[in-house]
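The values are calculated or read from the model by the stated rules, or taken from the named source; none is laboratory data. Here the structure is a predicted model, which is why all the values come from computation and not from measurement. Quick reminder, even Gly has a Cβ in these numbers, built from the backbone with ideal geometry, and neighbours come from all protein chains shown. The accessibility values were calculated without ligands, DNA or RNA, using every heavy atom of the protein model including side chains. Shrake-Rupley method; radii C 1.70, N 1.55, O 1.52, S 1.80 Å.
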Amino acid sequence: MRVNPTLLLFLLLALLPLIASDCDGTIELDMVCPTDTEGFTIINTGPTTVDLKGWSISDGEGRITFTETLELEIGECLNIMSQTPSDWMHLDTFVIYGEHGIVSDRFNLNDKGDEVYVMDSKGDIAYSFSYGDSPTSDPFQRIPKGHVALRNHAYGYPGETEEWILHVPGRTLYHFQRTYEDCEVIPFSFPESDGKEILAQIQDAQDVIRISMYTFDNKDVASALKDALDRGVDVRMLIEGQPAGGIDTDEIRVLTTLWKSGADIRMICSDGSYKRYQYVHSKYAVIDDDVTIITSENWTDSAFSGNRGWGTCVIDGDCANYISDIFDSDFCDKGDLIPFRERYATSLPHILDRYTPIDTEFKTYTADISPVICPDYSFKSIRNLIMSAEERVYSQQLNVQFSWTEGGDNPLQWMIELGSEGIDSRLLMDVTYDSPYDTDNDDGYGLYTLYRNDPNIDVRYFQSYISGLMHNKGIIVDDRVWIGSMNWTDNSIQSNREMSVIIHSKEISDMYAELFLEDWGIEFDGEVDLIINIPEVSYGKTVTLDASGSSVPFGSTFSWDLDDDDEVERSGTIAEWKFYKDTECTLTVMDPEGNVHTKDFQITFDGDGADIYDDEGFVLEGPVKYIPLIAIVLGIIGIRRLKDRF
């Protein structure tokens with residue numbers, strides 16, 4: 001048979017890399033850990049088995065050399081450690097410096113930064129990696145204690161941009177966002193819901209309930225869970241053991257009751273050296289094999305009754321199984337879990353009311369659902385979602401990291417970029433715990449002030465003066481809505497366990513957009529109009545005065561003189577007060593330009609009730625004013641009915 005010389009040359013050129021690699025192979029780094037137990041992982045990425053004899057690893061000063069035959073199969077990894085690794089590293093197999101002819105000569109990885117070179121048997125650099133304070137160009141970030149630098153094996157796939165990632169062993173490592181089509185969806189909001197949708201799913205549970213929660217003390221949900229336990233349902237709860245400010249006694253007592261009823265409750269805590277997540281900040285549950293509940297709110301009494309938040313129930317088996325796998329991984333003890341009763345050995349239970357099943361029908365929709373697992377791929381998901389906007393981006397957040405105002409690759413800057421392209425970009429954030437009068441400008445008020453006149457983004461704030469927070473972390477992008485627990489902070493995105501979903505539905509997105517715009521407030525039409533809504537005023541009883549319906553420029557400050565002493569007793573659009581006498585009151589509003597507007601009104605008692613007048617006359621009367629008239633009307637009706645009987 002005659003061979004075409006051109007074809008032969010082509011085949012030789014194509015096989016040349018394989019022939020060359022067969023001589024020395026391809027060994028690269030796969031993991032680097034400079035802190036605690038120092039070590040690294042090498043991997044054979046070539047097409048043939050490699051004998052490591054003669055190869056070496058250098059930090060630029062010291063060297064580790066393979067002096068004996070040690071074969072590494074195709075795709076095989078070898079963990080090489082300075083000593084027996086700490087439990088948190090979760091390494092099943094490893095070798096230690098000095099074993100199998102692995103000789104260390106002054107090799108020592110600097111915690112703050114260093115270089116790692118893989119040298120083949122000829123002394124050539126086969127692979128290199130640098131981190132931290134290394135003087136090399138573009139080093140990887142510093143690797144803190146309890147973390148490793150990990151080779152990202154999904155690099156090169158859609159949505160992946162990093163070859164190396166910072167990783168805590170024990171965390172899940174999902175790379176790609178999945179989408180489940182045609183799910184049954186029940187959207188809801190707090191405080192309107194008060195948890196009814198959640199209770200309805202728990203009371204229908206047959207097999208197992210998995211709950212991952214930052215804080216939990218809601219008595220209604222606890223009663224429903226106890227009822228489920230009494231029916232033989234397996235209840236498993238993963239609770240953050242070190243929330244900011246500590247665990248409230250009420251939560252401990254409620255959890256004690258559930259533990260005594262048979263719930264498997266585990267607390268995720270740190271002994272000071274290792275914890276997979278900064279916080280398990282998620283607020284989700286998976287019920288049986290088909291229902292997933294995701295909320296922005298912790299399952300607490302105060303959150304359900306007072307906070308602004310969003311939630312959803314997703315009925316889909318595949319979605320539920322996916323999130324169940326994540327829960328099971330987190331629920332598995334990797335050195336940072338403590339059984340609840342071990343941590344709170346003497347806690348007393350809370351006496352729960354007997355659960356009364358609810359009988360409520362909820363409106364359901366059909367929508368595609370994309371779970372977002374944090375910190376695995378949450379940054380990519382939120383960036384892809386926001387940057388895909390064509391018409392609107394509405395974001396309602398508990399807080400926004402102020403350093404994001406300095407630029408960089410973050411959600412705030414994405415919204416500004418989109419706004420410059422004509423997209424309707426609106427950001428509404430809570431400032432309930434901020435003060436406009438202190439010297440701390442790195443807060444919600446400071447962020448609002450910075451962007452108040454920015455043409456590319458509309459920023460407003462929300463402050464609750466009575467109860468609850470705008471605790472939401474929701475985003476609306478065109479016909480999709482993001483619901484979940486992830487705050488707009490680097491720590492939440494990069495270090496917490498969070499759970500969110502993206503709902504692909506115009507109808508559901510419009511529903512949440514309507515809620516958002518209600519919270520956003522009225523658009524000022526240029527004419528100031530102070531409107532005070534006051535319900536019934538009774539002697540010595542708390543009354544709520546509400547000026548939130550006033551037409552004023554956004555950013556105006558409201559102050560109330562409620563006892564005619566020319567001093568401010570309350571601030572904000574809503575004020576609570578008790579009246580004991582006829583009183584001259586004044587509402588003062590200062591707009592952002594410093595212009596002052598006032599409205600005077602008088603409280604005048606007539607018996608236990610009072611009339612309310614402003615400087616133009618009658619404003620509003622409480623029901624007490626109408627009691628005599630109501631009595632007359634009822635009397636007439638009674639006389640007529642009496643006549644009808646005879």
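Taking the stretch 83-110 as the region of interest, how many residues are closer than 21 Å to residue 56 by Cβ, open to solvent by 40 Å² or more (accessible area, probe 1.4 Å) and assigned to a loop (DSSP other than H, G, I, E, B)?
Qualifying residue count for the region: 7.
For the stretch 520-528, does any single residue satisfy the condition of being open to solvent by 40 Å² or more (accessible area, probe 1.4 Å), of a type in the set (D, E, K, R) and within 18 Å of residue 309 (Cβ to Cβ)? Show your work before the answer.
Step one: of the stretch 520-528, the residues open to solvent by 40 Å² or more (accessible area, probe 1.4 Å) are 522-528.
Cutting the leftovers down to of a type in the set (D, E, K, R) gives us 523, 525, 527.
Still in the running and within 18 Å of residue 309 (Cβ to Cβ): none.
No: the stretch 520-528 contains no residue that is open to solvent by 40 Å² or more (accessible area, probe 1.4 Å), of a type in the set (D, E, K, R) and within 18 Å of residue 309 (Cβ to Cβ).
Looking only at the stretch 401-411, count how many residues are outside any loop (DSSP other than H, G, I, E, B) and either open to solvent by 20 Å² or more (accessible area, probe 1.4 Å) or of a type in the set (Phe, Trp, Tyr) (or both). Write out each step before concluding.
If we filter the stretch 401-411 for residues that are outside any loop (DSSP other than H, G, I, E, B), which is where we start, we get 402-406, 411.
When the remaining residues are screened for being either open to solvent by 20 Å² or more (accessible area, probe 1.4 Å) or of a type in the set (Phe, Trp, Tyr) (or both), the result is 402-406.
Adding up the residues that qualify gives 5.
Based on what the data block shows, is residue 205 among the aliphatic types (A, V, I, L, M) and within 27 Å of residue 333 (Cβ to Cβ)? Show your work before the answer.
Values: among the aliphatic types (A, V, I, L, M): yes; within 27 Å of residue 333 (Cβ to Cβ): yes.
Against the criterion (among the aliphatic types (A, V, I, L, M) and within 27 Å of residue 333 (Cβ to Cβ)), residue 205 qualifies.
Tell me, please, whether a residue that is open to solvent by 10 Å² or more (accessible area, probe 1.4 Å) and either among the basic types (Lys, Arg) or more than 24 Å from residue 165 (Cα to Cα) (or both) can be found in the stretch 486-504.
Yes, the conditions are met somewhere in the stretch 486-504.
I want to confirm something. Restricting to the stretch 549-567 and keeping residues that are surrounded by fewer than 14 Cβ atoms within 10 Å (Cβ to Cβ) and in contact with a strand residue (DSSP E or B) (Cβ under 7 Å, 6 or more places away or on another chain), which single residue is modelled with the lowest pLDDT?
My answer is 549.
Each row is one residue, and each column tells you yes or no for (1) open to solvent by 10 Å² or more (accessible area, probe 1.4 Å); (2) over 16 Å from residue 305 (Cβ atoms); (3) over 23 Å from the mean Cα position of the chain (by Cα).
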{"site": "212", "(1), (2), (3)": "no, yes, no"}
{"site": "216", "(1), (2), (3)": "no, no, no"}
{"site": "223", "(1), (2), (3)": "yes, no, yes"}
{"site": "231", "(1), (2), (3)": "yes, yes, yes"}
{"site": "239", "(1), (2), (3)": "no, yes, no"}
{"site": "242", "(1), (2), (3)": "yes, yes, no"}
{"site": "246", "(1), (2), (3)": "yes, yes, no"}
{"site": "250", "(1), (2), (3)": "yes, no, yes"}
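Residues being part of a helix (DSSP H, G or I) and either in contact with a helix residue (DSSP H, G or I) (Cβ under 7 Å, 6 or more places away or on another chain) or closer than 30 Å to residue 244 by Cβ (or both): count how many of those fall in the stretch 482-536. Before the answer, list the steps.
Quick first cut of the stretch 482-536, residues part of a helix (DSSP H, G or I) only: 490-495, 506-520.
Filter again for either in contact with a helix residue (DSSP H, G or I) (Cβ under 7 Å, 6 or more places away or on another chain) or closer than 30 Å to residue 244 by Cβ (or both), leaving 490-495, 512, 515-516, 518-520.
Qualifying residue count for the region: 12.
With the checklist (1) at pLDDT below 95; (2) β-branched (Val, Ile, Thr); (3) open to solvent by 70 Å² or more (accessible area, probe 1.4 Å) in hand, flag the one item residue 165 doesn't pass.
(3)
From the list 418, 428, which one is touching a residue at least 60 places away in the same chain (Cβ under 8 Å) and either of a type in the set (A, V, I, L, M, F, W, C) or touching a strand residue (DSSP E or B) at 6+ places or on another chain (Cβ under 6 Å) (or both)? Can you show your working first?
Details: 418 fails: touching a residue at least 60 places away in the same chain (Cβ under 8 Å).
After ruling out the rest, the residue left standing is 428.
Anything in the stretch 593-614 that is more than 16 Å from residue 566 (Cβ to Cβ), at pLDDT 85 or above and open to solvent by less than 60 Å² (accessible area, probe 1.4 Å)? List them, or say none.
594, 597, 603, 604, 605, 610, 611, 612, listed by residue number.
In the stretch 252-267, what residues are open to solvent by less than 40 Å² (accessible area, probe 1.4 Å) and either of a type in the set (S, T, N, Q) or in contact with a helix residue (DSSP H, G or I) (Cβ under 7 Å, 6 or more places away or on another chain) (or both)? Please lay out each step first, then the result.
Residues of the stretch 252-267 open to solvent by less than 40 Å² (accessible area, probe 1.4 Å): 252, 254-258, 261, 263, 265, 267.
254, 255, 256, 257, 258, 261, 263, 265, 267 - these are the residues of the stretch 252-267 that are open to solvent by less than 40 Å² (accessible area, probe 1.4 Å) and either of a type in the set (S, T, N, Q) or in contact with a helix residue (DSSP H, G or I) (Cβ under 7 Å, 6 or more places away or on another chain) (or both).
Does residue 523 fit the bill of being in contact with a Phe, Trp or Tyr (Cβ under 8 Å, 6 or more places away or on another chain) and among the acidic types (Asp, Glu)?
Details: in contact with a Phe, Trp or Tyr (Cβ under 8 Å, 6 or more places away or on another chain): no; among the acidic types (Asp, Glu): yes.
Taking the combined requirement at face value, the residue does not satisfy it.
Among 360, 356, 364, which is the only one that is open to solvent by 40 Å² or more (accessible area, probe 1.4 Å), over 16 Å from the mean Cα position of the chain (by Cα), at pLDDT below 95 and farther than 30 Å from residue 274 by Cα? Outline the logic, then answer.
On the way: 356 fails: at pLDDT below 95; 364 fails: at pLDDT below 95.
Going through 360, 356, 364 in turn, the sole match is 360.
Within the stretch 268-315, count every residue that is open to solvent by 10 Å² or more (accessible area, probe 1.4 Å) and among the hydroxyl-bearing types (Ser, Thr, Tyr).
The qualifying residues number 7.
Looking only at the stretch 116-127, count how many residues are under 15 Å from residue 65 (Cβ atoms) and surrounded by 14 or more Cβ atoms within 10 Å (Cβ to Cβ).
Going through the stretch 116-127 one residue at a time, the tally reaches 7.
I need the full set of residues from the stretch 321-372 which are in a helix (DSSP H, G or I) and among the aliphatic types (A, V, I, L, M), in order please. Outline the logic, then answer.
Filtering the stretch 321-372 down to residues in a helix (DSSP H, G or I) leaves 321-331, 340-343.
323, 326, listed by residue number.
For the stretch 408-457, give me the residue count where each residue is within 30 Å of residue 479 (Cβ to Cβ) and within 25 Å of the chain's Cα centre (by Cα). First the steps, then the outcome.
In the first step, residues of the stretch 408-457 are kept if they are within 30 Å of residue 479 (Cβ to Cβ); the result is 408-431, 444, 447-448, 451-452, 454-457.
So of that shortlist, the ones also within 25 Å of the chain's Cα centre (by Cα) come out as 408-419, 423-431, 444, 447-448, 451, 457.
Matching residues across the stretch 408-457 total 26.
In the stretch 539-548, which residue that is at pLDDT 90 or above and of a type in the set (Gly, Ala, Ser) is farthest from the chain's Cα centre (by Cα)?
540
Looking at residue 113 and the list (1) touching a residue at least 40 places away in the same chain (Cβ under 8 Å); (2) surrounded by 17 or more Cβ atoms within 10 Å (Cβ to Cβ), which single condition is not satisfied?
It is condition (1) that residue 113 fails.
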